[in-house]
Each structure stands twice: as C-alpha cells, then as structure tokens.
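Chemist: First the structure, then my questions, so here it is.
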Amino acid sequence: MTLKRRREGPSAGFRPSIDPSSAAPLPRQLYLSLRNAIAEGRLTTGQRLLSTRLASTEWKISRGVIAEAYEILIAEGFAVARQGSGTYVASSIPDGAARIDQLGGKGAHPVRRSVSAAATAILTRGPSLEPQKALPFVTGRIAHDERTARLLNRIAARHLNYAFEGYGDIQGEKTLRAAISAHLAVSRGVRCTAEQVFITAGTQQALDLAFRVLMTPGDTAVVEDPCYPPARQCLALNGIDVIGLPVDRDGIDTARLIAGAMSPPSVFYVTPSNQYPVGSVLSLSRRLSLLAYAEENDCWIVEDDYDSEFRYQGHPIASLHGLDKANRVLYTGTFSKALLPSLRVGYLVVPADLVSAFRAVRPAVDRCPPTFQQRVIADFLEEGYFPAHLRRLRERLRASRDMLAGFLMERMAEHIEVLLPDQGINLTVKSTGSWSNDAAVSSAALKRGVVVMPLSRMNVISTDRSRLLLGFSALSEQEADKGTRLLAEVFEYKRVCRPIEPRLPHE
C-alpha cells in the first residue's frame, strides 16, 4: 500500500534567522524572523506554515518555541489557525506592518522622530547628572550610620499596614509638614507654618513646581554662574530664559543688579548657604542687597538650601527666607543628603498667599507624595533622633573632608589649590596653572577609575576651565589614598594636563 504524501507549501523552504549569541529570547527571534518574511512578501498570504513537528526538525528549534512564536503571529494578525489544518499566513496583513530588525539595530528605513526644542538642547549639552559609580570622589554618596539604620527600620515597621488607604493630602502628611516647620525654625530661622509646606520628591520636584507656578514661558531667571545643571535644565524645560551672574568667594555678584546692568528677572535661583558647585557662602550684605532688589522689582527668589545641615565651623548665616520681610522667598530643602536619597523626600516652603495656587497646580504634575516614607521621617523627627544623627554625620564628614584635603595638598600641591569648604559634602580644587582643561583631566581620571567633575560643564557664560569638584561623603581612607595617587598620576601626564599652545600657520 502506498501512503499519499502530504504536499508541502512554499514555506517549506523558509529558514529563520536565529542568532544563538543574542540575548533576545528564541521565541521572539523566531517571531521577528517570520514577521519580517511576511512583511517583505517572502511568505505570502494564504501560505501554510510548517507544522511545529516538521519545523522543529527542519529548523532545529524546540516545538514549544515554535508554538509560542506562532501564537504571537496569530495574536497580532499576521497568521490564522485553522483547526485540524494548521497555521496559515493571514489573507490580509495588519495596516502599518513593516520590517523589524530582530537584533535591535537600525531598520532599512529609519524614521526621524522629533522632540521638543528644550529636550533637544538638553540632549545636545549632555545629561545633567551622570549615573553614580562606586569610585573615589563621586558626588552624592551617603555615609551609612548603623544606629540611624536600626532606628529607621524600627519606625518603618509601624507603618507597613496601609494597604486600605486612599490618596494622601496634596501637600503631604500634616505630621511631617509640622515637624519640618519646627525643625527649620530652630536650625535655619525659617518662619513658616505646616500649611505653607509642600512635600516633594526631593529638591528637583520642588524646583519644577516653583518654576511652573511662578513663571510663564519666555520669562527670565537669573542663576549663579556656574549653576547646578538639573536646576538650569528644569528652567529650560519650562521655557524660561536663563541669565548667569558670576560667583566669587562671597557668592553671587549682586553689584551688577544694583548697577542696573540688566532688566529685573521674574525669578532668582540661588544656593546661598553653599553655592553649588563652587562652595562659597553668600555674604550677609549681598543677601540683604538681593532681598531689597527683589522687593523693589517684584521678583521671586527660590532658595535651594540643599545641605545646610553640614556646617563644620562657625555658625551658619541666616537663610534668605529668615531675613525676608517682603515674602519674596520660596525655600526648598531635602532629606536626600541627611538621610537617604532613595526616600525621595524634599520640601518646598511657599508664601501663605501662594498656597492656593500651588495646591491647584500640584495635582497636575503629581497628585500627592507617597505617605509611607513621610510617616517614617515624621516619626524620626518628632521623636528627637534627627539632631543626634546630624551630629554624628557632621563629625564623619568633617573627618573625610580633612583627610581628602590632606592627601590632595601632600600629593598635588604643584598642580592644584584646595578650596576647603566650611559646609557641604564636596570640595573644589583649582589649577595652579599647570593645567587648563578640566574636562580633559576629568576624562583621563575616569579612565584610571577616579571621578572628578569638571566645573566647566556647569558654566552659564563663564569660560573658566580650571576647577574640579570632588565628593568626600562616605569616603574611606583606602579610597582617598588610592584615588589621590591615581589623580596625581593624571596631573603628571603632561600631554593631558599641560596647556596646549596654538600653532602658527607656518609651523
């Protein structure tokens, strides 16, 4: 008896493109290969695809992988299953079907995509913050305190059962706002009530909220030069024009305002207690000049007091908010440096007559801050743990600062001048003249496993390229020793660090 052989369709000659070294799952690779063949017409409408059994033999792929790829094709309309007959290429291909490169590269016909002008500008200048690397001198690291960690864990356990709650208050938990108000009154001279405080996801969200409420696209903001990059980019995303005022050892140069060198801006953005990134402190006379100018010209001041808790000698100068008699200052702070960045809890203090405007805008960008972290921090503050935590942290940070400064001056005095800060978790070094390209030094240092940030990346109009920023929080002695040795090697590498003289045309 002769068995009648089942006739094979044209698809029998198809061989999928599979890359065993690819990280893409096999079902997806097979699905993309089949879909591309259908989109390009190599597998035509109505063709019967190989059975999973035959395809497994021909393609050397398990039947389970083939069945999964077929199911995706069917679900997306590229194939149909006929009971008792098999799987067929659909009679009509879905609209807009096009080839997809299965390895994730560029397709045959790349599509140009447009983004906003502000996003394009940010992409052109590069990211405002690089991903954190566990390398010496990276900024933003947090010193671990075992006693505080135990306390936070214990407090957190009280607040885990909140599954049946709804949305929280637009401004944040009242208990935390009241605790922040009390803390700021004692530590920074900020005069406010809990009703004026908005809890935010760190300083960045506080700045974005303030700029949205206070400014209209096309308005002008005056910032320090150099300036904290994420703040400047936040202004750009809100359509605000930026003017930079230079910074010296006494902070932002307010003399230019008094001289009438520019039109009054809508907003000043300043970091008066510890200018980021230079580290200078805005003098009392300049604080009073800035406040007087803002009152006279109807300007707002956004005061970013991001690390005022870490003062190592002397008493801190009163906050701008504490000196403000005309209610022109909005004050923002964060627990990212003092506790944990991952908590994402900051705060914004607004004038009482602006609370309604901020409450109206807040839900459009963030309905309410998460309650769990707020309750943990509120208890930590209310139960009196925060002052002792800050004292321990200040001592550790002071020791790290002094240790790093000592290594730098011992090993690189020929190349750098250390600008020792009285506050904060970073320090700045300045060229003695042996190098003039901070970006080149930064790049060379990174290749050796050391992170130093070039301040020129933060310039607004300044052309200064002679300064570098180093972080010393959570810095161990071993890291400081190794890191400064590697950095010293960079400065000795004359081809990178020596100023490049221009060549004359005949040379």
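The values are calculated or read from the model by the stated rules, or taken from the named source; none is laboratory data. Since the model is a prediction, treat every value here as computed from it, not as a measurement. When we count neighbours, we look across all protein chains shown, and the Cβ atoms used for this are built from the backbone with ideal geometry, even at glycine.
Chemist: Collect the residues in the stretch 411-457 that are closer than 16 Å to Thr484 by Cβ, without any contact (Cβ under 8 Å) to a residue 40 or more places away in the chain and among the acidic types (Asp, Glu), keeping them in residue-number order.
Modeler: Residue satisfying the conditions is Glu417 alone.
Chemist: Check every one of the strands (runs of 3 or more DSSP E) wholly within the stretch 288-374 and list those with 2 or more residues that are crowded, with 16+ Cβ neighbours inside 10 Å and outside the structural domain of Gly202 (by TED's automatic domain parsing).
Modeler: So the answer is none; nothing clears 2.
Chemist: Thr44: hydroxyl-bearing (Ser, Thr, Tyr) and closer than 16 Å to Gly13 by Cβ, yes or no?
Modeler: Taking the combined requirement at face value, the residue satisfies it.
Chemist: Also, quick follow-up: Note down all Cβ pairs under 8 Å where the first residue falls in the stretch 396-409 and is over 13 Å from Ala143 (Cβ atoms), the second is assigned to a helix (DSSP H, G or I) and among the hydroxyl-bearing types (Ser, Thr, Tyr), and they're at least six residues apart or on different chains.
Modeler: Within 8 Å, the pairs are Leu404/Thr484; Phe407/Thr484; Leu408/Thr484.
Chemist: Given the structure, is Arg495 of a type in the set (D, E, K, R) and at pLDDT 90 or above? Let's see the steps before the verdict.
Modeler: Values: of a type in the set (D, E, K, R): yes; at pLDDT 90 or above: no.
Against the criterion (of a type in the set (D, E, K, R) and at pLDDT 90 or above), Arg495 does not qualify.
Chemist: Need at least 1 residues that are within 42 Å of the chain's Cα centre (by Cα) and either at pLDDT below 90 or on the phi < 0 side of the Ramachandran plot (or both) per element, so show me which helices (runs of 4 or more DSSP H) inside the stretch 34-129 make the cut, counting only ones lying wholly within it. Can you show your working first?
Modeler: On the way: elements: 52-59, 63-75, 117-125.
Filter on the stretch 34-129 gives 63-75, 117-125.
Chemist: Residue check, Val429 against (1) surrounded by fewer than 16 Cβ atoms within 10 Å (Cβ to Cβ); (2) of a type outside the set (Ser, Thr, Tyr); (3) under 12 Å from Leu470 (Cβ atoms), all met but one. Which one?
Modeler: Looking at each condition in turn, Val429 falls short on (1).
Chemist: Please find, within the stretch 246-264, the residue that is surrounded by the most Cβ atoms within 10 Å (Cβ to Cβ) out of those that are under 19 Å from Leu282 (Cα atoms) and in contact with a Phe, Trp or Tyr (Cβ under 9 Å, 6 or more places away or on another chain).
Modeler: The residue in question is Ile252.
Chemist: Which residue out of Thr484, Thr428, Thr463 is β-branched (Val, Ile, Thr), part of a strand (DSSP E or B) and at pLDDT 90 or above?
Modeler: It is Thr428.
Chemist: Scan the stretch 255-270 and tell me whether some residue there is farther than 25 Å from Cys368 by Cα, hydroxyl-bearing (Ser, Thr, Tyr), assigned to a helix (DSSP H, G or I) and touching a helix residue (DSSP H, G or I) at 6+ places or on another chain (Cβ under 8 Å).
Modeler: No: zero hits.
Chemist: Same structure again: Quick check, is Leu381 under 23 Å from Thr200 (Cβ atoms), in the same structural domain as Glu492 (by TED's automatic domain parsing) and not in a strand (DSSP E or B)? Spell out the reasoning first.
Modeler: Working: under 23 Å from Thr200 (Cβ atoms): yes; in the same structural domain as Glu492 (by TED's automatic domain parsing): no; not in a strand (DSSP E or B): yes.
Against the criterion (under 23 Å from Thr200 (Cβ atoms), in the same structural domain as Glu492 (by TED's automatic domain parsing) and not in a strand (DSSP E or B)), Leu381 does not qualify.
Chemist: Another question about this same structure. Taking the options Ala405, Ala378, Ala364, Ala352, name whichever one is out of contact with any Phe, Trp or Tyr (no Cβ under 8 Å at 6 or more places or on another chain) and at pLDDT below 95.
Modeler: Among Ala405, Ala378, Ala364, Ala352, only Ala364 is out of contact with any Phe, Trp or Tyr (no Cβ under 8 Å at 6 or more places or on another chain) and at pLDDT below 95.
Chemist: I need the full set of residues from the stretch 307-335 which are at pLDDT 90 or above, hydroxyl-bearing (Ser, Thr, Tyr) and under 22 Å from the mean Cα position of the chain (by Cα), in order please.
Modeler: Tyr331, Thr332, Thr334
Chemist: If we scan the stretch 278-285, do we find a residue that is assigned by TED's automatic domain parsing to the domain that holds Ala221, touching a residue at least 40 places away in the same chain (Cβ under 8 Å), out of contact with any Gly (no Cβ under 8 Å at 6 or more places or on another chain) and not in a strand (DSSP E or B)? Before the answer, list the steps.
Modeler: Step one: list which residues in the stretch 278-285 are assigned by TED's automatic domain parsing to the domain that holds Ala221, which gives 278-285.
Next cut, touching a residue at least 40 places away in the same chain (Cβ under 8 Å) only: 278-279, 281.
In the following step, the residues that additionally are out of contact with any Gly (no Cβ under 8 Å at 6 or more places or on another chain) were identified as 278.
Going one step further and asking which of them are not in a strand (DSSP E or B), we end up with 278.
Within the stretch 278-285, one or more residues are assigned by TED's automatic domain parsing to the domain that holds Ala221, touching a residue at least 40 places away in the same chain (Cβ under 8 Å), out of contact with any Gly (no Cβ under 8 Å at 6 or more places or on another chain) and not in a strand (DSSP E or B).
Chemist: Let me ask you something else. I'd like the full set of residues that are without any contact (Cβ under 8 Å) to a residue 24 or more places away in the chain and surrounded by 20 or more Cβ atoms within 10 Å (Cβ to Cβ), limited to the stretch 53-69.
Modeler: Listed by number, the list holds a single entry, Ala55.
Chemist: Looking at this structure, is Leu393 of a type in the set (A, V, I, L, M), under 30 Å from Arg158 (Cβ atoms) and assigned to a helix (DSSP H, G or I)?
Modeler: Yes.
Chemist: Next up: Quick check on the stretch 209-232. Is at least one of its residues in the same structural domain as Arg286 (by TED's automatic domain parsing), buried (at least 17 other Cβ atoms within 10 Å of the Cβ), in contact with a Gly (Cβ under 9 Å, 6 or more places away or on another chain) and closer than 22 Å to Pro363 by Cα?
Modeler: yes
Chemist: Quick check on Arg411: is it outside any loop (DSSP other than H, G, I, E, B), more than 30 Å from Pro316 (Cβ to Cβ) and either outside the structural domain of Cys227 (by TED's automatic domain parsing) or not hydrophobic (A, V, I, L, M, F, W, C) (or both)?
Modeler: Numbers: outside any loop (DSSP other than H, G, I, E, B): yes; more than 30 Å from Pro316 (Cβ to Cβ): yes; either outside the structural domain of Cys227 (by TED's automatic domain parsing) or not hydrophobic (A, V, I, L, M, F, W, C) (or both): yes.
Yes: the conditions hold for Arg411.
Chemist: Looking at the structure I just gave you, is Asp402 assigned to a helix (DSSP H, G or I) and either in contact with a strand residue (DSSP E or B) (Cβ under 7 Å, 6 or more places away or on another chain) or within 24 Å of Tyr312 (Cα to Cα) (or both)?
Modeler: Considered against the rule, which asks whether it is assigned to a helix (DSSP H, G or I) and either in contact with a strand residue (DSSP E or B) (Cβ under 7 Å, 6 or more places away or on another chain) or within 24 Å of Tyr312 (Cα to Cα) (or both), Asp402 comes out as yes.
Chemist: Something else: Consider Val186 carefully, then state whether it is assigned to a helix (DSSP H, G or I) and at pLDDT below 95.
Modeler: Spelling it out, Val186 is indeed assigned to a helix (DSSP H, G or I) and at pLDDT below 95.
Chemist: In the stretch 396-419, what residues are of a type outside the set (Gly, Ala, Ser), surrounded by fewer than 15 Cβ atoms within 10 Å (Cβ to Cβ) and farther than 25 Å from Ala338 by Cα?
Modeler: Within the stretch 396-419, Glu410, Glu414 qualify.
Chemist: Of the residues in the stretch 432-462, how many are surrounded by 20 or more Cβ atoms within 10 Å (Cβ to Cβ), over 30 Å from Leu390 (Cα atoms) and not acidic (Asp, Glu)? Walk me through it before giving the result.
Modeler: So in the stretch 432-462, the residues surrounded by 20 or more Cβ atoms within 10 Å (Cβ to Cβ) come out as 435, 438, 441-442, 444-445, 450-455, 458.
Keeping just the survivors that are over 30 Å from Leu390 (Cα atoms) gives 435, 438, 441-442, 444-445.
This time we only want the ones that are not acidic (Asp, Glu), so: 435, 441-442, 444-445.
Counting residues in the stretch 432-462 that are surrounded by 20 or more Cβ atoms within 10 Å (Cβ to Cβ), over 30 Å from Leu390 (Cα atoms) and not acidic (Asp, Glu) gives 5.
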